[in-house]
Amino acid sequence: MSIRRVVRPAAYVVCESEGRVLLARWTGPRGPRWTLPGGGLEHGEDPRVAAVREVEEETGYTVELDRLLTVDSVHLPLVTWGDGSEQDMQGIRIVYAAHVTGGALRHEVDGTTDMAAWFDLAEVPDLPQVSLVALGLAAARATDPAAEAARLP
């Protein structure tokens, strides 16, 4: 069996409210880990549309994007999926800040996540998580307009 090489663009959202962040539990090949809500773009799909769609699919919430936080690349030279297939994968991760505009929290059914929940920011470092969570939260801190205004003399 040969290893398939894949470039996968995906869009994710950092959604914070009152000192809490919204996360989804990904059921990936290394076991369940918390991640930012989001996922892969469909062919021809705008990343902004994908981010909003994925949040609704994984959490039940509708969101409005506030700003682009970061674009990141991760290389996973050997990923073995539950069906036994192997990939040499490069992920292009586009991360936005957003806020909830409607909907109600619910878990995804028959998807790549199985739960969604709000966590106090202080709890997040102790959660089993993918590196995207820390990346997204750090980008949110670095690009927060309110924090930037507070730093000005």
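The numbers here are math on the coordinates, done by the rules we state, and not lab data. Quick caveat: nothing in here was measured; it's all calculated off a predicted structure. Cβ coordinates were reconstructed from backbone atoms using ideal geometry, including for glycine residues, and neighbour counts include every protein chain displayed.
Each Lys and Arg Cβ is given +1 and each Asp and Glu Cβ -1; about its Cα centre, the chain then shows a dipole of about 400 debye. Using a Gaussian network model of the chain in which every pair of alpha carbons under 10 angstrom is joined by a spring, one finds that among L135, L68, L76 the greatest mean-square fluctuation is at L76. Taking the C-alpha atoms only, the angle from helix 131-142 to the longest principal axis of the chain is near 20 degrees. Computed over neighbours whose Cβ is under 12 Å from that of P32, the net charge equals +2, Lys and Arg +1, Asp and Glu -1.
Calculate, for M115 and R30, the FRET efficiency according to 1/(1 + (r/R0)^6) with r their C-beta to C-beta distance and R0 22 Å; round to the nearest 0.05. Given R0 = 22 Å and the Cβ-Cβ separation, E is 0.85.
Within the chain, the proportion of C-alpha pairs whose separation exceeds 21 Å stands at 45%.
Exposed loop sites here are GluC sites (Glu not before Pro) assigned a DSSP state other than H, G, I, E or B and surrounded by at most 16 other beta carbons within 10 Å; excluding them, the longest clear run of the chain is 46-122.
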